[in-house]
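**Student:** Below is a structure I'd like to ask you about.
Here, each number is a calculation from the coordinates, and none is a lab measurement. Source: prediction; values computed, not measured. Here the Cβ is made from the backbone with ideal geometry for all residues, glycine too, and neighbour counts use every protein chain on show.
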Amino acid sequence: MSAPTELDMESKMSIDLSHVARDLGLPAEQVQRTLELLDEGNTVPFITRFRKDQIGGLDEEQVRRIQDAA
């Protein structure tokens, strides 16, 4: 069995993102950017205070729900 290719992993990631976004009732772009910021090591309070423009104005509860769902 061959190792998954980068394309396979990107497809799985986008499916997971759309699933998370749909479950939370949020746009996929906001979910993706929020997860990118979390993956970069940013904390939820930092993201909601200083990156609000990048996450479309999500509040702490929404960001935590994204974090928990991922």
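**Student:** Using the per-residue mean of other Cβ atoms lying within 10 Å as a proxy for protection, in what order, highest first, do the peptides 58-68, 38-48 fall?
**Tutor:** 58-68, 38-48
**Student:** Can you give me the P(r) profile for the stretch 20-70? Cα pairs, bins 5 angstrom wide beginning at 0, each as a whole percent.
**Tutor:** Bin by bin from 0 Å, the calculated values are 4, 25, 41, 23, 7, 0.
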